[in-house]
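The values are calculated or read from the model by the stated rules, or taken from the named source; none is laboratory data. Note that the coordinates shown come from a computational prediction; the quantities given were computed from them, not determined experimentally. Positions of Cβ are generated from backbone atoms using ideal geometry, with glycine treated the same way; all protein chains shown enter the neighbour counts. Note: areas computed on protein heavy atoms with side chains; ligands, DNA, RNA excluded. Shrake-Rupley method; radii C 1.70, N 1.55, O 1.52, S 1.80 Å.
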Amino acid sequence: MSLDTKYIDVKIIKSMQTVRTSGLKVWVVLWKAFDALQDQAHRHIASLGLGLSDFAVLEVLLHKGPLPVNTIGGKVRLTSGSISVAVDRLEAKGLVIRKDDAADRRARIVHLTAAGRKHIRAAFIDHARFMETAVSMLSESERRQVVDLLKKLGRYSG
């Protein structure tokens, strides 16, 4: 019986491979596209003199304002240990500063310094331009479609 099941499984997989719209095909194409864009983004961020986690932390502070360390970690998907190290590194470079939270004496709020704000504004603008080029083969309508479809996939919880 096991041989028959294996034969059936192989047959199903082979038939799925011929279908350009199978779930597996969508996943593989999405994975490859994400990897390609991510590789370009990482290389560009590195060319700006920043690591990915540092860029992410600075970008969140630029757009969301001062935040507690743990909140930043959740937004940029870093563990509590990793976010602490990232904030320490940025603080040593003079790009952020930790301040006591007036409302909660146990909490520390991370703020951009003037140098940090200037650095991430320039880096973010440059990176936004770069990513514009990275997706320039897509029309405005195609970009809207991609965004809408990916949001739809992201909402599916199976």
Item to complete: Only helices (runs of 4 or more DSSP H) wholly contained in the range 36-116 count here; list those with 2 or more residues that are farther than 24 Å from residue 126 by Cα and among the hydroxyl-bearing types (Ser, Thr, Tyr).
Response: 80-92
Discussion item. Looking at the range 31-71 only, could you name the residues that are touching a residue at least 24 places away in the same chain (Cβ under 8 Å), open to solvent by 60 Å² or more (accessible area, probe 1.4 Å) and out of contact with any helix residue (DSSP H, G or I) (no Cβ under 7 Å at 6 or more places or on another chain)?
Written reply: 66
Fill in: Check on residue 109, touching a Lys or Arg at 6+ places or on another chain (Cβ under 7 Å), of a type in the set (A, V, I, L, M) and without any contact (Cβ under 8 Å) to a residue 60 or more places away in the chain
yes
